[in-house]
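First up is the structure itself, then whatever we jot down about it.
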Amino acid sequence: MSDILVDSLYVVAALLFVLSLKFMAEVRTSRMGNFCGVGGMVIAIGATLLAYQSRSVDLLVGAVVIGAIVGSPIGLKVAMTAVPQRTAMSHAFGSLAVALVGAAEYYIDTPGIDPATLSVLCGEMVLGFLTFTGSCMAFAKLQGIISGRPILYRGRMFVSLGTLGVAVASAVYLVANPTQSLALLVLAGAALLFGFLLVIAIGGADMPTVIAILNSFAGISAAALGFVLDNRLLIVAGSLDGSSGLILGIIMSRAMNRSFTNILFGGVGAAAPAQSGGTAARVAQTYTPDDVVVVLRDARTVIIAPGYGMAVAQAQHVVKELSDALQARGIDVKFAIHPVAGRMPGHMNVLLAEAQVPYEQLWEMDKVNPLFPETDVAIVVGANDVTNPAARTKPDSPLYGMPILNVDKARTVVFIKRSMGPGFSGVDNDLFYLPNTMMVLGDAKKVLTDLLAALRNLRD
Ligand code: NAP
């Protein structure tokens, strides 16, 4: 009876996990996705407590209580902009748990452990341990505890891949000689070191993609552990985690026109900013918020293109106020959302949702791009790379081939940022120097507040 109940609860939890991913795919249903995920996890934990009630239930309940006490404030207090590093810490703990349970299984089942089971255990321990240190380093970079710059040195590929080679060789040795537990320690040490070496060589801005890839590793190792423990829910949850992390990583790298190899081994972010050339002689035209209001006064259509700078300035609320004020004047206002604007997937959607911008006003890149030629004013708020026309026009540019928001096709482009400096890619933006571009230099929140005040003072 108890087995049937546990299995049934596992099926419900698995369904809720699938629904959670489905609902999370759209901003409109993402809250429901969150509830389904939480519900699925509560049922999964309850069913597991039921399944192992004959064992040390006090320890299990103690672990759940401690987890809830530590996890709840983290979930409630972490700022929206710190979600990538919070996610990195979740992966770190999840993967460490998986690796340690794998090690415990090895010690419990040895010497009677069969080679197939031990091979799976070794694979999941390598993935689990490297994900732990990799995620800790990703957290440290995103939190600013260590520099976000990639640490590069001569022969780094040799050292990194050599370390991974030692982990794999120890695994092979252990499978051939299961009682040689020293090999397990070497495996664990080498995998931990590899995760560290892999991530310190990657720039801080690539961390969200790295986290998606590490997420995938953690999921695969959990699924592998599910096979060893004969726990079907762990197999399902791990597979969902592994595949969704991988798909997210692929989507993010495609949207940046980068390959996994380039992200993991390219060391992007180490070099001094690469300029696209010939910029010294060029002069951009700078304007004030009062100048911009003159253009907005006669506009009928406006598209706002937000980017990383909006997140830094926390300007989403004033952006919403500006949008409302423009709409009150009968102007059609849309928001153009680039898939990798900001520093994490859905970054702009999250910020604009927080500021209560209606979903109908958010337009994805493919849908909004055809509208720019008929748009009176495109207002770029702290975005840079995702608007850089070099991605379309300069085959030698690191951005070449990346799909961008075609803001340059609008009649007037208002560019709000603090300086003429480049964005994440380090590539200068030709858009600053085009005759239809109005550069308004300053912190996005301050500039937009001034712009809003000037707009409200406007007499028709
Ligand atoms: P971006 O190219 O990094 O440009 C952001 C701009 O914001 C900067 O040029 C900066 O210029 C400006 N800025 C910073 N603080 C500001 C403030 N307080 N007020 C006004 N402006 C401010 O950002 P993006 O256009 O959003 O493009 C995202 C980049 O990140 C892409 O290259 C993408 O490939 C990469 N990336 C994204 C993800 C993701 O998942 N979204 C993941 C990894 C990498 P100033 O310093 O002059 O102000």
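The values are calculated or read from the model by the stated rules, or taken from the named source; none is laboratory data. Here the structure is a predicted model, which means the values were calculated and not measured. All Cβ positions, even for glycine, are placed from backbone atoms using ideal geometry, and neighbour counts span all protein chains on display. Protein only, heavy atoms only, side chains kept; ligands, DNA and RNA dropped before computing areas. Shrake-Rupley method; radii C 1.70, N 1.55, O 1.52, S 1.80 Å.
Leaving ligands, DNA and RNA out of it, report the carbon-plus-sulfur percent of the accessible area of segment 289-456 at a 1.4 Å probe.
Exposed carbon and sulfur together represent 54 percent of the surface.
Could you tell me which of Val228, Met310, Pro289 has its Cα farthest along the dipole of the chain towards the positive end, charges placed at Cβ (Lys, Arg +1; Asp, Glu -1), taken about the Cα centre?
Of the options given, the answer is Pro289.
Compute the Cα gyration tensor for segment 39-102, then decide on rounded, prolate or oblate, letting a ≥ b ≥ c be the square roots of its eigenvalues: rounded whenever a/c is under 1.5, prolate when a/b is larger than b/c in the other cases, and oblate in all that remain.
prolate
Scaled to the compact-protein estimate 2.2 N^0.38 Å, what is the alpha-carbon radius of gyration of segment 280-425, rounded to two decimal places?
Normalised Rg, Cα atoms only: 0.99.
Magnitude of the Cβ-charge dipole of the chain, K/R +1 and D/E -1, about the Cα centre, nearest 20 debye?
Using Cβ point charges on Lys, Arg, Asp and Glu, the chain gives about 920 debye.
When we measure straight from the Cα of Lys445, which lysines land under 16 angstrom away, once same-chain ones fewer than 8 places off are left out?
Correct list for Lys445: Lys320, Lys417.
Please calculate how many Å² of accessible area segment 289-456 carries per residue, with a 1.4 Å probe and no DNA, RNA or ligand atoms counted.
Solvent-accessible surface per residue comes out at 37 Å².
Given 0.36 nm per residue, what is the gain on full extension from Leu441 to Val57 after removing their alpha carbon distance, in nm?
Length difference between fully extended and current span is 132.1 nm.
Going by the alpha-carbon gyration tensor, a ≥ b ≥ c the square roots of its eigenvalues, is segment 59-167 rounded (a/c under 1.5) or, if a/c is not under 1.5, prolate (a/b greater than b/c) versus oblate?
oblate
How would segment 105-244 be classified by its alpha-carbon gyration tensor: rounded, prolate or oblate, with rounded meaning a/c under 1.5 and the a/b versus b/c comparison settling the rest?
Oblate shape, in that a/c is at least 1.5 and b/c is the bigger or equal ratio.
Which lysines have a Cα less than 20 Å from the Cα of Lys367, not counting those fewer than 8 places away in the same chain?
The reachable lysines, counting only those whose Cα sits under 20 Å from Lys367, are Lys334, Lys409.
Rank these residues by their accessible area, most exposed first, probe 1.4 Å: Glu321, Glu360.
Most to least solvent-accessible, the answer reads Glu360, Glu321.
So, in nm, how far is label Asn262 from label Leu49 when the simple model puts each one 7 Å beyond its Cα toward the Cβ?
4.9
Taking only the alpha-carbon positions of the chain and ignoring solvent, what does the Debye formula give for the base-10 log of I(q)/I(0) at q = 0.06, 0.07, 0.08, 0.14 Å⁻¹?
Here log10 of I(q) over I(0) equals -0.32, -0.43, -0.55, -1.29.
For segment 289-456, what does the relative contact order come out to in percent, with C-alpha contacts under 8 Å and a separation of six or more?
28 percent.
Show that you can apply the helix-only estimate: for the chain, add -39,500 (n - 2.57) for every DSSP H stretch of four or more residues, divide by all residues, and state [θ] at 222 nm to the nearest 500.
Result for the chain, helices only: -19500 deg cm²/dmol.
How much length is gained if the chain between Ala82 and Glu374 is pulled fully straight, taking 0.36 nm per residue apart and subtracting their Cα-Cα distance, in nm to one decimal?
My answer for the length gained is 101.4 nm.
For segment 99-167, what does the accessible surface come to per residue with a 1.4 Å probe? Please give it in Å².
About 47 Å² of surface per residue is accessible.
Within a Cβ distance under 13 Å of Gly37, other residues only, what is the Lys/Arg minus Asp/Glu net charge?
That works out to +1.
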